[in-house]
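These notes are about the structure you will find just below.
The values are calculated or read from the model by the stated rules, or taken from the named source; none is laboratory data. Since this is a predicted model, take the numbers as computed values, not measurements. Don't worry about glycine lacking a Cβ; one is built from the backbone with ideal geometry, like all the others, and counts go over all protein chains shown. Accessible surface is based on the protein model in full, side chains and every heavy atom, while ligands, DNA and RNA are left aside. Shrake-Rupley method; radii C 1.70, N 1.55, O 1.52, S 1.80 Å.
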Amino acid sequence: MNDDVVIVGAGPAGAVAATVLARAGARVRLIDRAAFPRDKLCGDTLNPGALALLRRLGLSASIEERGLPVHGMRVTGEHGVVIEGRYPGGLCGRALVRRDVDWALLSGALAAGAAFEPSVAVRRAIVEERAGGRVIRGVVAGAERSERDLLAPVTIAADGRHSTLAFALGLARHPRWPRRWAVGAYFENVGNHPAGLSTVGEMHVRRGRYIGVAPVPGPLTNVCLVKPSAPGDPSLHDPAAALRQELARDPMLRDRFAHARLVHPPVVIGPLAVDACGAGIDGLLLAGDASGFIDPMTGDGMRFAIRGGELAAVAALEALEHGWAGVHDRLAARRQREFGAKWRFNRALRALVASPLAVAAAALGARVASGVLQAVINNAGDCDVSATCPA
């Protein structure tokens, strides 16, 4: 076999896994169905915790140089409710379009020695049936008439929420609830929020939906609407109209977007949530959204991807050196230890923002007990793993 590891998906999780593995001396082949740089729907923000991870990995320089500083969070509810807090101790995140983030991380993987093949679609896993169960020996990739086998003792599926490998092997599914869809687009000529130039991440919570707003470098502003929906929802047939309608009817946003221009047609993705299910299969590791996803509201999706990719790389190195005994259990335990508390925090936050009354009560509580608000902001930004924002 020419490769030690084949990684399917060159997004943040796949690129970080490839970097860690290549630096450790593994022969890594990274493939993706897209050509890079490529656009992708995202909130376009990295919180302080995500930046701290990239600094530790030596992958943050271009992102910090090009991204806009994000110093905290601003959450609004109905009837003029506003909660705003800053990250402590000079910490900040960054806002940068996802294509630039992905290209920076992929460039890091290439510099580490990983081989990259763009525009290569994975068709299926190569499955070998053994007495102890299934074993993955690699993947079949390419077009139907030019398929080829990519063999490796370790395959990492980092191919996103609709992972070809994870779904086909019964390791992932879309749960019945929640069934949220996202509509995202870039606008230009957007006004600033009333407090002045926005240096905070914005989340505008409304009954049954929320809208994220993030200025990015240049004249653009990222707007992402997340709402319960289904494939037959009429609003999904004309997402541009749905997005404009939401902005025009919102008392806190309509003036800022009154003269805004939609730059490109919106992108629609969904359902967002993915549950990882079933036992692990030797030869295969899941990373990033393929290992489970529910829309993050606090800018921490990139931290999950970056750290998740690193953990998958550690598991791959263990499998290469010692075999597969216990690898999946140890990876699951590390993921739970690393992310469990934040998963619970995000579920509680989603439950809170689902109720306009709860958001109003939280705003009142924040005014009465500012320390509670600060603790929430610190947790949302993963500030416990962060370093001070450079000037």
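General observations
- Of all the criteria given as (1) at pLDDT below 95; (2) open to solvent by 50 Å² or more (accessible area, probe 1.4 Å), the one not satisfied by Cys92 is (2).
Condition check ((1) at pLDDT 95 or above; (2) buried (at least 22 other Cβ atoms within 10 Å of the Cβ); (3) of a type outside the set (A, V, I, L, M)) across all residues:
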residue: Gly9; (1), (2), (3): yes, yes, yes
residue: Arg38; (1), (2), (3): no, no, yes
residue: Thr45; (1), (2), (3): no, yes, yes
residue: Arg55; (1), (2), (3): yes, no, yes
residue: Pro69; (1), (2), (3): no, no, yes
residue: Thr76; (1), (2), (3): no, yes, yes
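- Reported count of residues in segment 244-258, each being within 27 Å of the chain's Cα centre (by Cα) and surrounded by fewer than 12 Cβ atoms within 10 Å (Cβ to Cβ), is 0.
Residues checked against (1) under 27 Å from Ser235 (Cα atoms); (2) not in a strand (DSSP E or B); (3) not acidic (Asp, Glu):
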position	(1), (2), (3)
Val140	no, no, yes
Leu150	no, no, yes
Ile156	no, no, yes
Asp159	no, yes, no
Leu165	no, yes, yes
Pro178	yes, yes, yes
Val183	yes, no, yes
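- Leu110 touching a residue at least 60 places away in the same chain (Cβ under 8 Å), within 16 Å of Gly309 (Cβ to Cβ) and in a helix (DSSP H, G or I): no
- Here segment 97-153 is the region considered, the condition is being open to solvent by 50 Å² or more (accessible area, probe 1.4 Å) and among the basic types (Lys, Arg), and the residue that is nearest to the chain's Cα centre (by Cα) is Arg99.
- In segment 188-197, the count of residues that are within 26 Å of the chain's Cα centre (by Cα), touching a residue at least 60 places away in the same chain (Cβ under 8 Å) and more than 30 Å from Leu96 (Cα to Cα) is zero.
- Filtering segment 259-281 to residues that are of a type outside the set (A, V, I, L, M, F, W, C) and open to solvent by 60 Å² or more (accessible area, probe 1.4 Å) leaves His259, Arg261, His264, Pro265, Gly278.
- The sole residue among Glu64, Glu78, Glu84 that is of a type in the set (D, E, K, R) and under 17 Å from Asp102 (Cα atoms) is Glu64.
- When Leu59, Leu53, Leu105 are checked against the criterion of being part of a loop (DSSP other than H, G, I, E, B), in contact (Cβ under 8 Å) with a residue 40 or more places away in the chain, within 27 Å of Arg29 (Cβ to Cβ) and not basic (Lys, Arg), a single residue qualifies: Leu59.
- Here Arg207 meets each of (1) touching a helix residue (DSSP H, G or I) at 6+ places or on another chain (Cβ under 6 Å); (2) in contact (Cβ under 8 Å) with a residue 60 or more places away in the chain; (3) farther than 30 Å from Arg123 by Cα; (4) surrounded by 14 or more Cβ atoms within 10 Å (Cβ to Cβ) with one exception, condition (4).
- The test for being among the hydroxyl-bearing types (Ser, Thr, Tyr) and in contact with a helix residue (DSSP H, G or I) (Cβ under 6 Å, 6 or more places away or on another chain) does not hold for Ser146.
- Considering the conditions (1) open to solvent by less than 30 Å² (accessible area, probe 1.4 Å); (2) more than 16 Å from Met252 (Cβ to Cβ), His162 is excluded by exactly one of them, (1).
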